[in-house]
Each structure stands twice: as structure tokens, then as C-alpha cells.
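Contents: one structure, followed by commentary.
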Amino acid sequence: MPIADLAGLRQFSMMIAAALFFAAATPVQSCELENITSARELHDVLAHRAVELIAAAPAMTGSDLGPRLARLLDSAAEFSLGGGDVGRPLGSGISGAKALAAKMKATEFRFLGWDYMDAPTQGCGEHAVSVEFIDAADRWVSQVQFKFKGGRVIEAKGWQHSFKFGPLPVQPPSKSGA
């Protein structure tokens with residue numbers, strides 16, 4: 001084998017070794033949802049993760065997610081909450097999550113159940129769930145779609161609306177008996 005070929009082979013081998021070294025040294029974010037195979041169960045788990053993130057956001061400090069939040073939030077996750085006819089980007093990572101929670105001032109949450117035929121799914125894939133956060137004092141509802149990958153929020157986009165509610169008016173019985 002010519003010497004030039006040996007030098008090329010050695011260089012190629014060193015590149016492969018370096019790539020394997022860096023791949024082994026890079027921490028892999030595990031996905032704890034890999035055993036969830038039911039779409040109904042996954043929908044419920046992801047919606048509760050979104051609620052947990054918003055509930056925890058006000059107490060978040062610094063830029064380090066820590067183990068609890070690292071399982072809920074991708075550090076590059078983008079957040080926004082529009083209102084009226086204006087979109088409002090809120091940032092990314094912890095600061096974006098904190099800004100979303102602060103804008104919503106939620107006291108309650110609501111999400112619709114999975115009322116469809118259950119289907120197989122992959123818990124660690126990309127999925128989206130919608131959750132409504134309610135500010136009961138000021139009567140605002142924020143409808144937010146959370147996108148997940150590997151069980152972690154990678155994006156949360158929503159819109160805020162005012163709302164009114166009350167009991168239905170009682171109708172007097174008709175005189176015709178109908």
C-alpha cells in the first residue's frame with residue numbers, strides 16, 4: 001500500500017476516533033416516557049407536564065434547569081403569548097417560561113380529555129397538547145399549545161382572551177305545555 005494511502009487511512013481513523021470520543025462524552029438527555037404507548041395516557045401525562053412547568057416557573061432561578069426542570073423543559077424552548085391582535089414573543093428557556101407564567105397569572109387550568117379511540121404512540125416522539133390557563137380574578141383565559149419532544153417542552157405558543165361567564169337564565173314554562 002502506498003505511503004500516501006496509509007497517511008490518509010491514519011487521518012480517517014483519527015477522525016473516527018475523535019467523533020466516537022465526543023459522542024461518548026456528550027450527555028444524552030434520556031426520555032422517561034419511552035414506556036408510554038397509549039395516546040390517551042400520553043396526552044394526559046404531557047398536559048400535566050405543561051401545568052407543572054407553568055406552576056414551577058415563578059420559582060425558577062438562574063439559567064441552570066436542574067434535574068427536575070430538565071425533564072420538563074428544553075433550554076432552547078421558545079415561548080409566546082399573543083393578545084388582541086398583537087403577538088408577543090416572550091423569550092426562550094427559563095426566562096421564557098417565567099415570562100409566560102407571569103403574563104398569564106393563572107389560578108386554574110383546564111385541558112380537554114382524549115375522547116377518541118385510543119391509539120398506539122411513541123412517548124418520546126414529537127407531540128402537542130393544548131392547555132387553558134385561567135386568571136379567575138381578572139377573567140382572562142390563555143389557550144396555549146405546548147410542543148414536546150422527548151417528553152420536554154420545546155415550544156409553547158398561545159393567545160390570551162377575556163371571558164365572561166354566568167348561569168343560564170331560567171326560562172318560564174310555556175303555557176301550551178310544550
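Surface composition of region 43-178: carbon plus sulfur atoms contribute 57% of the solvent-accessible area (1.4 Å probe, protein chains only, all chains present). Peptides 54-60, 98-104 ranked from most to least packed give 98-104, 54-60, packing being the mean of other C-beta atoms within 10 angstrom over each peptide's residues.
Along region 132-149 the Karplus relation, 6.51 cos²θ - 1.76 cosθ + 1.60 evaluated at θ = phi - 60°, assigns HN-Hα couplings of 9, 10, 10, 9, 5, 5, 9, 6, 10, 10, 10, 9, 10, 9, 9, 9, 10, 9 Hz to successive residues, with x for each Gly and Pro. Taking θ as phi - 60° and the Karplus parameters 6.51, -1.76 and 1.60, the scalar couplings of region 95-111 work out to 5, x, 5, 4, 5, 4, 4, 5, 5, 7, 6, 5, 10, 8, 9, 8, 9 Hz in sequence order, x denoting glycine and proline. Projected label points at A70 and K175, each 7 Å from Cα along the beta carbon direction, are separated by 7.6 nanometres.
Per-residue accessible area (protein heavy atoms, 1.4 Å probe) orders V86, V129 as V86, V129, starting from the largest.
Pairs over the 18 Å Cα-Cα cut-off, from the set K103/K149; K98/K157; K98/K149: K103/K149; K98/K149.
The values are calculated or read from the model by the stated rules, or taken from the named source; none is laboratory data. Not measured: the values here are computed from a predicted model. Neighbour counts run over all protein chains shown; Cβ positions are idealised from the backbone, glycine included. In case anyone asks, the SASA skips ligands and DNA or RNA and just uses the protein heavy atoms, side chains included. Shrake-Rupley method; radii C 1.70, N 1.55, O 1.52, S 1.80 Å.
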